[in-house]
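The values are calculated or read from the model by the stated rules, or taken from the named source; none is laboratory data. Computed from a predicted model, the values in this text were never measured in an experiment. When we count neighbours, we look across all protein chains shown, and the Cβ atoms used for this are built from the backbone with ideal geometry, even at glycine.
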Amino acid sequence: MTVGLVVVLFVAAGLIATGVFTAVWRRDLTAALAGIPLMFAGAGVAFAGVARFATVGGPQLFGQEFAVVLAIGATALVALGLGIAGREGSR
Amino acid sequence: MDSLHAIGFYVSSGVSLAGGLGVALLPGRDLRGLALGVLGVGLGGIYLTLSAGLAALVAAVCYLGCAALVASPQYRPVEGVVGSLWRQVGAIAAAILLAVLAYSAFRGDFVHASFYGGVFGVANLGRVFFAHDALATEAVALLVLAAFAGATAMWRVRERGR
């Protein structure tokens with residue numbers, strides 16, 4: 001049993017498509033926002049996979065660095081979207 | 001990658017995809033938050049098996065924070081104004097996107113760096129954007145993305161108020 005870049009990209013594609021589906025299918029804005037971390041997770045997995053398998057002899061840290069920034073960015077976007085959507089009873 | 005890491009990768013991938021499907025399909029903010037937490041744990045496992053330990057730690061913490069935000073009862077639901085027809089079109093577009101990405105992954109010759117830029121010199125641009133000026137590129141991309149997301153959310157809230 002082994003893992004290659006194609007398998008990693010398949011997982012990334014599944015996460016991205018699931019995130020897009022969540023963002024367009026949910027009626028509630030706060031529920032649709034939950035699709036953003038899924039898309040970012042898929043992109044991060046793709047970056048980390050390419051850094052692990054396709055940069056033979058090259059620097060692997062760029063993909064990992066992007067994965068870290070994407071995770072932080074996903075959290076920031078969810079917090080921003082929920083903050084704009086508003087707290088209960090704020091208006 | 002040895003067998004132990006491969007098993008860990010497949011298990012983590014299954015956990016993260018199950019969490020993603022839970023976020024998409026489960027009703028209620030509590031269950032959605034739980035599914036997002038499961039996704040975060042699975043994503044951390046994926047990064048860990050890909051030798052990205054720091055990314056695993058940061059992703060797990062960030063996605064558990066996202067799960068806490070999504071599951072929080074403090075935020076009121078905001079109903080969208082998009083009709084069911086456009087939602088179905090968007091769902092079909094998501095399926096098409098999955099097919100395109102899966103085909104691209106299956107035909108993943110591009111990852112072997114056999115393409116060196118062509119007439120537009122994209123390889124040189126890529127080296128500048130993703131190596132020399134990587135942090136600046138990330139900062140600008142996040143700023144633009146946050147601006148688009150904020151503008152979209154404000155537009156939807158305003159449309160709902162009308």
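Taking the criterion of being over 22 Å from A:Leu33 (Cβ atoms), at pLDDT 80 or above and either in contact with a Gly (Cβ under 9 Å, 6 or more places away or on another chain) or of a type in the set (Val, Ile, Thr) (or both), the only residue of the stretch B:125-146 that qualifies is B:Val140.
In the stretch B:70-94, the residues that are more than 7 Å from chain A (Cβ to nearest Cβ) reach residues that are modelled with pLDDT under 75 and exposed (fewer than 13 other Cβ atoms within 10 Å of the Cβ) with C-beta atoms within less than 6 angstrom, at least six apart or across chains, in these pairs: B:Val81/B:Glu159. Pairs linking a residue in the stretch B:141-155 that is within 8 Å of chain A (Cβ to nearest Cβ) to a residue that is surrounded by 13 or more Cβ atoms within 10 Å (Cβ to Cβ) and outside any helix (DSSP H, G or I), with Cβ atoms under 9 Å and 6 or more positions apart or on different chains, are B:Ala149/A:Leu33; B:Ala153/A:Leu33; B:Ala153/B:Val78. Set side by side, the residues B:Leu39, B:Leu50 differ, and just one is closer than 14 Å to A:Leu15 by Cα and of a type in the set (A, V, I, L, M, F, W, C), which is B:Leu39. Taking the numbered list (1) at pLDDT 85 or above; (2) out of contact with any helix residue (DSSP H, G or I) (no Cβ under 7 Å at 6 or more places or on another chain) in turn, A:Gly19 passes all entries but (2). Summed over the stretch A:29-56, the residues that are at pLDDT 85 or above, closer than 24 Å to B:Arg160 by Cβ and not hydrophobic (A, V, I, L, M, F, W, C) give a count of 2. State all residues of the stretch B:13-53 that are crowded, with 23+ Cβ neighbours inside 10 Å, modelled with pLDDT of 90 or more and farther than 14 Å from A:Leu38 by Cβ; if no residue qualifies, say none. Passing the criteria: B:Gly44, B:Tyr47, B:Thr49. Tell me which residues, restricted to the stretch B:14-56, are more than 7 Å from chain A (Cβ to nearest Cβ), within 21 Å of A:Arg27 (Cα to Cα) and free of Cβ contacts under 8 Å to residues at least 12 places away in the same chain. B:Leu25, B:Leu26, B:Pro27, B:Gly28, B:Leu31 - these are the residues of the stretch B:14-56 that are more than 7 Å from chain A (Cβ to nearest Cβ), within 21 Å of A:Arg27 (Cα to Cα) and free of Cβ contacts under 8 Å to residues at least 12 places away in the same chain.
The criterion of being under 19 Å from B:Ala60 (Cβ atoms) and within 7 Å of another protein chain (Cβ to nearest Cβ) does not hold for A:Arg27. Check whether at least one residue in the stretch A:52-59 is of a type outside the set (Phe, Trp, Tyr), out of contact with any Gly (no Cβ under 7 Å at 6 or more places or on another chain) and in a helix (DSSP H, G or I), and report yes or no. For the stretch A:52-59, residues of a type outside the set (Phe, Trp, Tyr), out of contact with any Gly (no Cβ under 7 Å at 6 or more places or on another chain) and in a helix (DSSP H, G or I): present. Filter the stretch B:124-154 for residues that are among the hydrophobic types (A, V, I, L, M, F, W, C) and in contact with a Phe, Trp or Tyr (Cβ under 7 Å, 6 or more places away or on another chain); which is surrounded by the fewest Cβ atoms within 10 Å (Cβ to Cβ)? It comes out as B:Ala131.
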